[in-house]
Amino acid sequence: MRSLAMSTCVAASLAAGVPARADTPPPQFPLRDFFRNPDKGYFRLSEDGRWLGFMQPATGDAGDIKRMNVFVQPLEAGKPVGVARQLTHESARDVAIYRWKGNGTVLYEKDFGGDENVRVVAVDVASGKQTPLTPDGGVRGGIVDELVDDPAHVLVQHNQRNRAAFDVYRVNVRTGASTLVAENPGNIVGWTADHDGRVRLAVASDGVNNTVLHRATETGPFKPLFSTDFRTQVGPAFFDFDNQRFYALSNRGRDKTALVLIDPAKPEAEQVVYVHPKVDLAGVAYSQKRKVLTQADFQVEKPERHLFDASMKTLYERLERQLPGQQIILQSASRDEKQFVVASMSDRTPGARYVYDAASDRLSKLGDINPQLPAQQMAAMQPISYAARDGLVIPGYLTLPPGRPAKNLACIIHPHGGPWARDGWGFNPDVQFLANRGYCVLQMNFRGSTGYGRQYWEASFGQWGLKMQDDVTDGAKWLIQQGIADPKRIGIYGGSYGGYATLAGVAFTPDLYAAAVDYVGVSNLFTFMKTIPPYWEPMRQQMYAMVGNPDDPKDKERLTATSPALQAHRIKAPLFIAQGAKDPRVNKAESDQVVEALKSRGVSVQYLVKDNEGHGFQNEENRFEFYSAMEAFFAQHLKP
């Protein structure tokens, strides 16, 4: 985080028009160009590098609406050849995610109208035959391990037996036949397999205390290694390459999450492999071919990586020479690590995708993700920070509309969801769309945002609608103090917890905002806590500790005071609410309560409900409708 002195300097330079921008605003690009599905994207390599998978809009088995479906195409010398074949034929909803299983099978996941009951399906590349690997009928499934050395099987988990607990099965990708590998006694919240595909680690939780369990063989009993309260997090990542010790992301005994190595024979002694002094690690990767750690990812202001491996350092150096000034991500690799799918992007563009041949050091371009939006006419995302009223430094990002002086602008406060997540630097279509329409956009990583250490995260406990909301409010006031925002033209827009912060903003600081857009946001902390999905049940006590217990008299007064639906009489700013009818996390009743409370007072509220959506709108036509309505709503009330 920046010091307060540095933060003030940054604000002053922004207000003075630095970094330099064009004297005239760019043209307004069509709304659909920001929120459309790519013509082609999500490129992935088969294990041998001879096939390329990708997704593109295509019609499915029913209906004429195009959805994102999976295609495969032969690859030669880094370039697609021949005719691409469509493997999936979804028509109700985009394919959520897919991956290769070896060279002859593609695995993909889908849900049903946004209900998040994910089903895993295998598709045979040669025949197109589809084989479900997890049940349907309200069952939530997922992949535990792809079992790269077993061409016929994968490990999946699902909650068919008990909706609150996930059992692990070894499933044949050709027949769908499954064998139970690990039955969940009801308190397991995570499973980890070793490099031979044997499930040997688990994390158990009573909601407040977590226990890491280990077993020497897949048929033996799990035994506890150590327990911590939920504030101390030790998340197993993968086994060492001898399958004896395991790597984990841990904040045991420290504020920042580090990569550590744990020996089950001496579980209390962590060997710290890498820790960043300022932020938590976000992830870690390894080479399956060479059996070495390759990188750890983190973000202070922009995405960064720590490289453990000389080969990986050389690879990134070569890519950075050919793609200077771009954020580079390796999205896929052949098993022999001779070919890679490379993404190059920035805060101004989702960028391009390439196949990189390591032997020849050659990049072959697969395509641009969104060529309709020229990077030079998009807005820069500037890391900033400001002091909250209690002195805590709040990091965030400020995006200014290009071609306009940073003075007296219509501004959108855009708190992120989670809330135990964070905003990061990179291309954000919501932010770029609003900037293109003339708004400045402030995203803040309020207390509780992850990535900044345990103390910063814990500072959010019991603070929904209180200090967490003050951080949002203080960000809006910071924009006013810097002269960037016109105090009469500030809006607020967020989704999920960001939707809660939006509703809290107009309820608890009714004179600050001129308009608000709540997208699938929590409104009533009592009903929200009572309607969590069944598979969140093992974490209920943790939620009570972090948010509040609706059945505890000590928490009742606070939860009442910080539930916007119960304080809706204070709302006077124009409000637009969007909600998915099948949302399993934030039920439709959360939005209904606010709408009904305002209408009972004769206050008009714009309300958009989509019956085939859940926690956010995935279908392209619904996204277009939502953003079109939001554009008109903010234009009417904020006049950018």
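The values are calculated or read from the model by the stated rules, or taken from the named source; none is laboratory data. None of these values were measured; they are calculated from a predicted model. Virtual Cβ from ideal backbone geometry, glycine too; neighbours counted across all protein chains shown. Side chains included, ligands, DNA and RNA excluded: accessible areas come from the protein's heavy atoms. Shrake-Rupley method; radii C 1.70, N 1.55, O 1.52, S 1.80 Å.
Below is a table of values for the structure above.
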quantity: All positions within segment 93-109 that are within 24 Å of the chain's Cα centre (by Cα), part of a loop (DSSP other than H, G, I, E, B) and surrounded by 16 or more Cβ atoms within 10 Å (Cβ to Cβ); calculated: ARG93, ASP94, VAL95
quantity: Selected residue [assigned to a loop (DSSP other than H, G, I, E, B), farther than 17 Å from GLU116 by Cα and at pLDDT 95 or above] from ALA589, ALA568, ALA573, ALA632; calculated: ALA573
quantity: Among residues of segment 248-262, those that are open to solvent by 10 Å² or more (accessible area, probe 1.4 Å), under 13 Å from GLN455 (Cβ atoms) and of a type outside the set (Ser, Thr, Tyr), counted; calculated: 3
quantity: Filtered residue count, segment 155-180, keeping only those that are open to solvent by less than 20 Å² (accessible area, probe 1.4 Å) and under 26 Å from THR211 (Cα atoms); calculated: 7
quantity: Boolean, ALA387 is closer than 25 Å to PHE298 by Cα, touching a helix residue (DSSP H, G or I) at 6+ places or on another chain (Cβ under 6 Å), of a type outside the set (Val, Ile, Thr) and at pLDDT 95 or above; calculated: yes
quantity: Those residues of segment 276-291 which are in contact with a helix residue (DSSP H, G or I) (Cβ under 8 Å, 6 or more places away or on another chain) and either of a type in the set (A, V, I, L, M) or crowded, with 17+ Cβ neighbours inside 10 Å (or both), in sequence order; calculated: SER287
quantity: All positions within segment 469-518 that are touching a residue at least 24 places away in the same chain (Cβ under 8 Å) and of a type in the set (S, T, N, Q); calculated: GLN469, THR473, GLN482, SER496, THR502, THR509
quantity: Of all residues making up segment 609-626, the number that are open to solvent by 20 Å² or more (accessible area, probe 1.4 Å) and more than 18 Å from ILE65 (Cα to Cα); calculated: 2
quantity: Check on TYR519, among the hydroxyl-bearing types (Ser, Thr, Tyr) and under 21 Å from SER205 (Cα atoms); calculated: no
quantity: ILE413 vs. criteria among the β-branched types (Val, Ile, Thr) and open to solvent by 20 Å² or more (accessible area, probe 1.4 Å); calculated: no
quantity: All positions within segment 593-610 that are outside any strand (DSSP E or B), within 24 Å of GLU631 (Cα to Cα) and touching a helix residue (DSSP H, G or I) at 6+ places or on another chain (Cβ under 7 Å); calculated: VAL594, LEU598, VAL605
quantity: Filtered residues of segment 61-92 (kept if assigned to a loop (DSSP other than H, G, I, E, B), open to solvent by 20 Å² or more (accessible area, probe 1.4 Å) and touching a residue at least 12 places away in the same chain (Cβ under 8 Å)); calculated: ASP61, ALA62, GLY63, ILE65, ALA77, ALA84, HIS89, GLU90, SER91, ALA92
quantity: Among the residues listed as GLU337, GLU320, the single one being more than 25 Å from the chain's Cα centre (by Cα) and part of a loop (DSSP other than H, G, I, E, B); calculated: GLU337
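This table checks each residue for (1) farther than 30 Å from PRO57 by Cβ; (2) open to solvent by less than 20 Å² (accessible area, probe 1.4 Å); (3) part of a loop (DSSP other than H, G, I, E, B); (4) touching a Leu at 6+ places or on another chain (Cβ under 9 Å).
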site	(1), (2), (3), (4)
SER311	yes, no, no, no
ILE329	no, no, no, no
SER344	no, yes, no, yes
ASP347	no, yes, yes, no
TYR356	no, yes, no, yes
ALA359	yes, no, yes, no
LYS365	no, no, no, no
